[in-house]
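Engineer: First the structure, then my questions, so here it is.
The values are calculated or read from the model by the stated rules, or taken from the named source; none is laboratory data. Being a predicted model, the structure only gives us computed values, none of them experimental. Cβ sites come from the backbone with ideal geometry, for glycine too, and all protein chains shown count toward neighbours.
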Amino acid sequence: MGMRTTRPWFVVAVVIAALAQLVVGFYYLASGLMAPLWAIVLLGVWWVVLTLIGVRLVQRRSYLVLLVPVVAMATWFGLMTFGGSVLGWTA
């Protein structure tokens, strides 16, 4: 059994992805200023699911982990835009 080494660039990618996911998490929490409670709960669950997917990608040593916060932000932006224009959510 040998030790698996982790490439330095992968560590950098994981740190960037984790920090970006935390920033997106702040936006998810701040959604309460505009979105109803049911939407915030769904967003929270979605954020946790994406974070767990990110953890799984890190375990597999996949650079796709960098896409997790991108998907999270796109989801948040899409839902907030849809909620504001179609569902009448206002700040």
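Engineer: In the list 62, 31, which residue meets the criterion of being more than 30 Å from residue 90 (Cα to Cα) and not basic (Lys, Arg)?
Structural biologist: Details: 31 fails: more than 30 Å from residue 90 (Cα to Cα).
Only one candidate qualifies: 62.
Engineer: Here's something else I'd like to know. Working carefully through the options 89, 46, find the one that is modelled with pLDDT under 95, surrounded by 14 or more Cβ atoms within 10 Å (Cβ to Cβ) and on the phi < 0 side of the Ramachandran plot.
Structural biologist: Among 89, 46, only 89 is modelled with pLDDT under 95, surrounded by 14 or more Cβ atoms within 10 Å (Cβ to Cβ) and on the phi < 0 side of the Ramachandran plot.
The rows are residues; the columns are (1) out of contact with any Lys or Arg (no Cβ under 6 Å at 6 or more places or on another chain); (2) surrounded by fewer than 12 Cβ atoms within 10 Å (Cβ to Cβ); (3) over 28 Å from residue 15 (Cβ atoms).
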| site | (1), (2), (3) |
| --- | --- |
| 26 | yes, yes, no |
| 29 | yes, no, no |
| 41 | yes, yes, yes |
| 54 | yes, no, no |
| 65 | yes, no, no |
| 70 | yes, no, no |
| 73 | yes, no, no |
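Engineer: Filter the stretch 1-22 down to residues that are of a type in the set (A, V, I, L, M), in contact (Cβ under 8 Å) with a residue 24 or more places away in the chain and within 15 Å of residue 71 (Cα to Cα) and give me whichever is surrounded by the most Cβ atoms within 10 Å (Cβ to Cβ). Explain how you work it out, then say what you get.
Structural biologist: First, the residues of the stretch 1-22 that are of a type in the set (A, V, I, L, M): 1, 3, 11-20, 22.
From what's left, in contact (Cβ under 8 Å) with a residue 24 or more places away in the chain: 13-14, 16-18, 20.
Filter once more, so that each one left must be within 15 Å of residue 71 (Cα to Cα): 16-18, 20.
Details: 16: 13, 17: 21, 18: 17, 20: 17.
Selected residue: 17.
Engineer: Pull out all pairs, ordered by first then second residue, where Cβ-Cβ is under 7 Å, the residues are six or more apart or on different chains, the first lies in the stretch 23-47 and is farther than 18 Å from residue 81 by Cβ, and the second is in a helix (DSSP H, G or I) and hydroxyl-bearing (Ser, Thr, Tyr).
Structural biologist: Filtered contacts from the stretch 23-47: 44/28.
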